[in-house]
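Enquirer: First, the structure itself, so that you have it in front of you.
The values are calculated or read from the model by the stated rules, or taken from the named source; none is laboratory data. This structure is a prediction, so every number in the text was calculated from the model and none was measured. Positions of Cβ are backbone-derived with ideal geometry, glycine not excepted, and every protein chain shown enters the neighbour counts.
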Amino acid sequence: MFTGLIEETGFLTDFRRGRGIALAVRATRVMEGLRVGDSVAVSGPCLTVEKIEGDRFFASLLPETVEATTIASWQVGRKVNLERALRLGDRLGGHLVTGHVDGVGEVAAVTDRDETRLMELLAPAGLERYLVDRGSVALDGVSLTVRAPQGRRFSVALVRATLAATTLGELHVGDKVNMEADLLAKHIEKLLGRSEGDGDEKYREWLAE
């Protein structure tokens with residue numbers, strides 16, 4: 001489990017394709033106390049540390065993970081957002097993030113406004129039902145607040161601190177991002193018995209009862 005608050009950005013130093021993908025990340029802060037078997041969120045996806053060498057950790061990804069994320073397009077030298085797993089007792093400054101990416105979104109527009117950057121995105125089909133105004137969303141592992149959702153389109157505001165501490169400031173129109181919807185919204189949907197494709201009429205009837 002993660003918070004979506006990025007600890008630092010690292011760099012891919014190795015990227016090998018096979019049945020899945022194996023990669024290595026060079027980092028500084030997240031290496032402190034890191035052990036084999038620990039979890040690290042790498043620009044969204046939760047990866048398990050398989051080996052540690054100096055200032056690098058190594059991890060592998062199954063084809064299913066590659067298909068659901070932007071990882072297939074990554075290359076050596078890419079900057080990535082890094083966060084170690086949340087420990088019980090830590091402050092939860094962001095929101096609950098699992099590191100299980102729901103799909104790939106796309107940057108639709110970028111506008112600079114004084115001290116902030118407003119970014120409009122297009123969510124992958126099916127995830128728009130989790131977009132609630134002032135709700136939470138994780139983009140490339142970064143915890144953000146949803147603004148003005150309309151169908152699959154929504155916006156986020158990036159303050160100067162977020163732009164400096166993450167890779168989001170380097171995104172341009174057309175770039176893809178790993179997107180994870182709010183975990184609580186998915187649990188509520190499950191408890192209410194709603195699934196993709198259900199119409200609103202069913203829930204109006206349920207509320208009436």
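Enquirer: Test Leu171 against the criterion of being crowded, with 16+ Cβ neighbours inside 10 Å, under 14 Å from His100 (Cβ atoms), out of contact with any Asp or Glu (no Cβ under 8 Å at 6 or more places or on another chain) and of a type in the set (A, V, I, L, M, F, W, C), and give yes or no. Steps first, please.
Expert: On the way: crowded, with 16+ Cβ neighbours inside 10 Å: yes; under 14 Å from His100 (Cβ atoms): no; out of contact with any Asp or Glu (no Cβ under 8 Å at 6 or more places or on another chain): yes; of a type in the set (A, V, I, L, M, F, W, C): yes.
The answer is no for Leu171.
Enquirer: Something else about it: Just to be sure before I move on: is Gly77 part of a loop (DSSP other than H, G, I, E, B) and at positive phi in the structure I sent? Full working, then the answer.
Expert: On the way: part of a loop (DSSP other than H, G, I, E, B): yes; at positive phi: yes.
It is true that Gly77 is part of a loop (DSSP other than H, G, I, E, B) and at positive phi.
Enquirer: Continuing with this model, one more query. Filter the stretch 1-19 down to residues that are assigned to a loop (DSSP other than H, G, I, E, B) and under 21 Å from the mean Cα position of the chain (by Cα) and give me whichever is farthest from Val101 (Cα to Cα).
Expert: Of everything passing the filter in the stretch 1-19, Glu7 is farthest from Val101 (Cα to Cα).
Enquirer: When both residues are 6+ apart or on different chains and their Cβ atoms are under 9 Å apart, which pairs have a first residue that lies in the stretch 88-101 and is at positive phi, and a second that is outside any strand (DSSP E or B) and at pLDDT 85 or above?
Expert: Taking only residues 6 or more apart or on different chains, the pairs are Gly99/Met1; Gly99/Gly44; Gly99/Pro45; Gly99/Ala85; Gly99/Gly141.
Enquirer: Which is touching a helix residue (DSSP H, G or I) at 6+ places or on another chain (Cβ under 8 Å), surrounded by 12 or more Cβ atoms within 10 Å (Cβ to Cβ), under 20 Å from Met179 (Cβ atoms) and β-branched (Val, Ile, Thr), of Ile52, Ile21?
Expert: After ruling out the rest, the residue left standing is Ile21.
Enquirer: Among all residue pairs at least 6 apart or on different chains, which show Cβ distances below 7 Å where the first residue, located in the stretch 68-79, is among the aromatic types (Phe, Trp, Tyr) and the second is crowded, with 17+ Cβ neighbours inside 10 Å and outside any loop (DSSP other than H, G, I, E, B)?
Expert: So the pair list comes out as Trp74/Leu12.
Enquirer: Can you name the residue in the stretch 55-67 that is among the aliphatic types (A, V, I, L, M), surrounded by 12 or more Cβ atoms within 10 Å (Cβ to Cβ) and in contact (Cβ under 8 Å) with a residue 40 or more places away in the chain and, of all such residues, is nearest to Met31 (Cα to Cα)? Walk me through it before giving the result.
Expert: Here is the first cut: in the stretch 55-67, the ones among the aliphatic types (A, V, I, L, M) are 59, 61-62, 66.
Narrowing the set further to residues that are surrounded by 12 or more Cβ atoms within 10 Å (Cβ to Cβ) leaves 59, 61, 66.
With the extra rule that they be in contact (Cβ under 8 Å) with a residue 40 or more places away in the chain, the set shrinks to 61, 66.
Numbers: Leu61: 20, Val66: 24 Å.
Here the residue is Leu61.
Enquirer: Let me ask you something else. If I filter the stretch 20-67 down to residues being modelled with pLDDT of 95 or more, in a strand (DSSP E or B) and β-branched (Val, Ile, Thr), which single residue comes out as nearest to Gly103 (Cα to Cα)?
Expert: Applying the filter and picking the extreme gives Val42.
Enquirer: In the stretch 90-145, which residues are in contact with a helix residue (DSSP H, G or I) (Cβ under 8 Å, 6 or more places away or on another chain), charged (D, E, K, R) and part of a strand (DSSP E or B)?
Expert: Arg117 - this is the single residue of the stretch 90-145 that is in contact with a helix residue (DSSP H, G or I) (Cβ under 8 Å, 6 or more places away or on another chain), charged (D, E, K, R) and part of a strand (DSSP E or B).
Enquirer: Separate question: So, of the residues in the stretch 146-163 that are assigned to a helix (DSSP H, G or I) and over 17 Å from the mean Cα position of the chain (by Cα), which turns out to be surrounded by the fewest Cβ atoms within 10 Å (Cβ to Cβ)?
Expert: Only one residue tops the list, namely Ala161.
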